[in-house]
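Single-structure report; data block below.
The values are calculated or read from the model by the stated rules, or taken from the named source; none is laboratory data. Since the model is a prediction, treat every value here as computed from it, not as a measurement. Glycine also receives a Cβ, built like all others from the backbone with ideal geometry; neighbour counts cover every protein chain displayed. Quick note on the areas: whole protein, heavy atoms, side chains included, nothing else; ligands and nucleic acids left out. Shrake-Rupley method; radii C 1.70, N 1.55, O 1.52, S 1.80 Å.
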Amino acid sequence: MKLFPNSTQLRSIQGSSGFSKSLAVIAPILGILSGCAALPSAGPVSSEIQAASSERRTEPFDYHLIDLDDSVVSVLSAYQPNGLSKVFTGGKWAPKHIVGVGDTVSVVVWEQGNDRLFTPNGQAGGVELGPFMVNQSGAITIPYVGKVNARGKSVERLQEALQVALDRKATNPQVIVTLKQNASSLVTVNGAVKKPGQYPLDLSGKRLLDVVANAGGNASPATESYVSISRNGRQAKQLLSTVFQSNEENVYVRPGDRIFVTHDPQTFTAFGAVPKVGEYPIQASNVSLVEALGRIGGLDQNAANSQGLFVFRYEDPQVISQLKSEYAGASSGKVPVIYRLNMRDARSYFKGQLFSLRDKDVVYVSSAYGAELNKFIRILSGTLAIGKTASTF
């Protein structure tokens, strides 16, 4: 693309009346603006993006340029990034009633016959001993029995141990042990919740949202909050609104889990030939590309290339392997990808409705070639005006 006059045209202009002094001002600028690349621009044009893609170059930071067609949209719609359920696999966790330090147990003894140890003769029912808290050494102290090791035993095993110990003391005893307070099976909840702290798990088990609710619930909107779980060196996080919507992501928690809720609003950034360049909140669980364009005011009618709408994103390698059969998967981390959409094609608006933006996506609209020409004309016009003013002195 060449926007500048040749030497013959310059001589013709120079011969014209009133332009001699103007050319003295224009000539240095023409020497600097020797091509379109010297013109001010909001970013690369479509051809430059395509020329630097992995299909054209072999540098380590190659990115993949992928056109948004029906198959691409289908793969992206079906793909679910690694969340909580893929890291913390398994179905419902039924806690074993294991007694630990700090737990409180209740012991009820029933006796039959005369000469009862705990209940008077003729009195029906059992008598409750305790409740007893498991001390630091892991034991409880039972009247007429003494210290009994409770730590690490299930409720059933502890009940059997007390039954054996009381057989020689009471009259035909029947022992029932109940775990009153499960203080040893705790999870820790911190971050953007109303009541951070440690919370015991019910014997029936609890899901993630149950524990967050016990901590007073999330202090920020669910669409702007992430929840993470740390367990035995493994960690995963998920958008809290996704956990609300997906039963699979609402995983069962286990003793010792650390749950952290963070306030981290999802955003996308718009650059290029758009009316409103800037960072925008997503503010919803699912925002399509078309909806995002509506928020930023669409394309700049005076500068945008309607065939050059791009979305910059770091994508999971699993997605790239589905989109590009030749992808070797050499990268162990995220893969830089640019998705391209031709907004001049009416069908693209349907594809844009199915393409969901993700946190930290960059939406870029390249400038049309005509816009670069208009920039040069404005520069040239301003320069001629300066030269005309200078000729009056």
Next item on the list: Could you pull out which residues in region 299-316 have an amide N less than 14 Å from a spot 7 Å beyond the Cα of residue 86, following the Cα-Cβ vector?
Entry: 315-316
Item checked: Distance between modelled label sites at residue 232 and residue 156, nm, 7 Å Cα→Cβ extension -> 2.2
Checklist line | Potential lengthening between residue 137 and residue 204 on full extension [0.36 nm per residue; Cα-Cα distance subtracted] | finding: 21.4 nm
Checklist line | Shape category assigned to region 229-367 from the gyration tensor of Cα positions, a/c cut at 1.5 | finding: prolate
Notebook entry, point to check: Which order do 324, 360, 194 take when ranked by solvent-accessible area (1.4 Å probe, heavy atoms of all protein chains), largest first?
Noted result: 194, 360, 324
Checklist line | Cross-link reach list, aspartates and glutamates versus residue 86, counting only Cα pairs under 18 Å and skipping chain neighbours closer than eight places | finding: 248, 249, 257, 315, 316
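Would you mind getting me the FRET efficiency between residue 314 and residue 176? Use the beta-carbon distance for r and R0 = 45 Å, nearest 0.05. Before the final figure, lay out each step's value.
Values: r = 58 Å, r/R0 = 1.29.
According to the calculation, E is roughly 0.20.
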Next item on the list: At a 1.4 Å probe radius, which order do 168, 151 fall into by accessible area, largest first?
Entry: 168, 151
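Rolling a 1.4 angstrom probe over the protein heavy atoms, how many square angstrom per residue are accessible across region 215-364?
Values: 7290 Å² over 150 residues.
On a per-residue basis, region 215-364 sits at 49 Å².
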